[in-house]
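J.: Have a look at this one before I ask anything.
The values are calculated or read from the model by the stated rules, or taken from the named source; none is laboratory data. Note that the structure is predicted; figures quoted are calculated from it, not measured. Cβ placement follows ideal geometry from the backbone for every residue including glycine, while neighbour counts extend to all protein chains displayed.
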Amino acid sequence: MKHIRDLPDTLPVFPLPGALLLPRARLPLHIFEPRYLQMLEDCMKTPERLIGMIQPREVPAGKEAEPRLHAIGCAGRMTGFSETEDGRYMVTLSGLSRFRLREEVKGFTPYRRARVEWQGFERDQGGEESDPGFDRPKFMDLLGRFFESMDLSTDWESLSGAEEELLINSLSMLCPFSAEDKQALLEAPTLTTRRETMVTLIEFALRGGTGEEMMQ
């Protein structure tokens, strides 16, 4: 396990709306844009093989500038890689730690890079988190109503038997929440806070609300 002091202070960042990566979770990616193909090739040449997943902020209508980035993202290590016959890459990132963006680095790469800080996220590199107040039956009932309302299907047997962190983090990544809602889930300081945030989002959705209304 790497310590904070061993992590690089500069990362390639991949601003992908709605794509959430959390520590100790895995995110599959399908890469085909030339600039991100270059990012992967450069990443594989480094000892850490880290990519920073980060949410872009919304661009006002009529503006074509690259979107600004949120302050907090999550770095993942490339742990799976395959190439298709037509030159696309299938990649798996394993979440390592969240980071705070200090500034973007201007340079000669076609993809974006940033200087980052790891301090404040030491918990991310520890063992699995627990959620002492987790009421699994109540949560699963709420989740069932949410999935039914969204016409979603899942493997309920696997969900019911999953460990707390795996269950909560996987649902945070997979559920169809808005990009801003997923940012809130990423920034939750503890697993308990993340679960409480998710419950609030689900309850609001079941009442017919939207993520934009919650932000107001």
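J.: Please go through segment 126-135 and give me each residue that is free of Cβ contacts under 8 Å to residues at least 12 places away in the same chain and either surrounded by 13 or more Cβ atoms within 10 Å (Cβ to Cβ) or over 20 Å from the mean Cα position of the chain (by Cα) (or both), ordered by number. Step through it out loud before you land on a result.
T.: The first filter runs over segment 126-135 and keeps only residues free of Cβ contacts under 8 Å to residues at least 12 places away in the same chain, leaving 126-127, 135.
Scanning segment 126-135 gives a single hit, Asp135.
J.: Please go through segment 149-176 and pick out each residue that is touching a residue at least 60 places away in the same chain (Cβ under 8 Å) and either outside the structural domain of Thr193 (by TED's automatic domain parsing) or closer than 18 Å to Gly18 by Cβ (or both).
T.: Asn169, Ser170, Ser172, Met173, listed by residue number.
J.: Which members of segment 69-105 meet the condition of being β-branched (Val, Ile, Thr) and without any contact (Cβ under 8 Å) to a residue 12 or more places away in the chain? Break it down stepwise before answering.
T.: Restricting attention to segment 69-105, the residues satisfying the condition of being β-branched (Val, Ile, Thr) are 72, 79, 84, 91-92, 105.
Within segment 69-105, just Thr84 meets the criteria.
J.: Right, something else. Here is a list: Ala188, Ala184, Ala179. Which entry is touching a Gly at 6+ places or on another chain (Cβ under 7 Å), surrounded by 13 or more Cβ atoms within 10 Å (Cβ to Cβ) and either of a type outside the set (Phe, Trp, Tyr) or assigned by TED's automatic domain parsing to the domain that holds Leu101 (or both)? Outline the logic, then answer.
T.: Values: Ala188 fails: touching a Gly at 6+ places or on another chain (Cβ under 7 Å); Ala184 fails: touching a Gly at 6+ places or on another chain (Cβ under 7 Å).
It is Ala179.
J.: Where in segment 175-216 are there helices (runs of 4 or more DSSP H), lying fully within it, with 1 or more residues that are within 23 Å of Gln119 (Cα to Cα) and at pLDDT 95 or above? First the steps, then the outcome.
T.: On the way: elements: 179-187, 191-206, 211-215.
Of the helices (runs of 4 or more DSSP H) lying wholly inside segment 175-216, those with at least 1 residues that are within 23 Å of Gln119 (Cα to Cα) and at pLDDT 95 or above span 179-187, 191-206.
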